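Scroll down for the structure; my scribbles are underneath it.
The values are calculated or read from the model by the stated rules, or taken from the named source; none is laboratory data. Treat the numbers as computed from the prediction; the structure is a model and nothing was measured. Quick reminder, even Gly has a Cβ in these numbers, built from the backbone with ideal geometry, and neighbours come from all protein chains shown. These accessible areas exclude ligands, DNA and RNA; they are computed on the full protein's heavy atoms, side chains included. Shrake-Rupley method; radii C 1.70, N 1.55, O 1.52, S 1.80 Å.
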Amino acid sequence: MSTSALGAGAFGTALAISLAESGPATLWARTVAKMAQDRENATRLRGCQFPDALTVTEDIGIAAQADVLL
């Protein structure tokens, strides 16, 4: 089962990281270039690396394809 967290504030980022520990997860944000490159949200949750199962996107259509939207 795939999940998406819509919003990359501190809570959304932490939620997405936690979800990705159990399976594929997507984090949707308005701007993702730096997060995708650094594999962390240094603005809101510095030092918490994204697991390999976490995809970051600014395309709401991609995020909305998940089985569960949060």
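The condition (being open to solvent by 60 Å² or more (accessible area, probe 1.4 Å) and assigned to a strand (DSSP E or B)) is satisfied by just one residue among Thr43, Thr55: Thr55. Looking only at the stretch 9-29, residues that are in a helix (DSSP H, G or I), open to solvent by 20 Å² or more (accessible area, probe 1.4 Å) and within 10 Å of Pro51 (Cβ to Cβ) come to 3 in all. Is it the case, given these coordinates, that Gln65 is in contact with an Asp or Glu (Cβ under 9 Å, 6 or more places away or on another chain), at pLDDT 95 or above and exposed (fewer than 15 other Cβ atoms within 10 Å of the Cβ)? The answer is no for Gln65. Could you figure out which of (1) touching a Lys or Arg at 6+ places or on another chain (Cβ under 6 Å); (2) of a type in the set (A, V, I, L, M, F, W, C); (3) in contact (Cβ under 8 Å) with a residue 40 or more places away in the chain isn't true of Ala10? With (1) touching a Lys or Arg at 6+ places or on another chain (Cβ under 6 Å); (2) of a type in the set (A, V, I, L, M, F, W, C); (3) in contact (Cβ under 8 Å) with a residue 40 or more places away in the chain applied to Ala10, the lone miss is (3).
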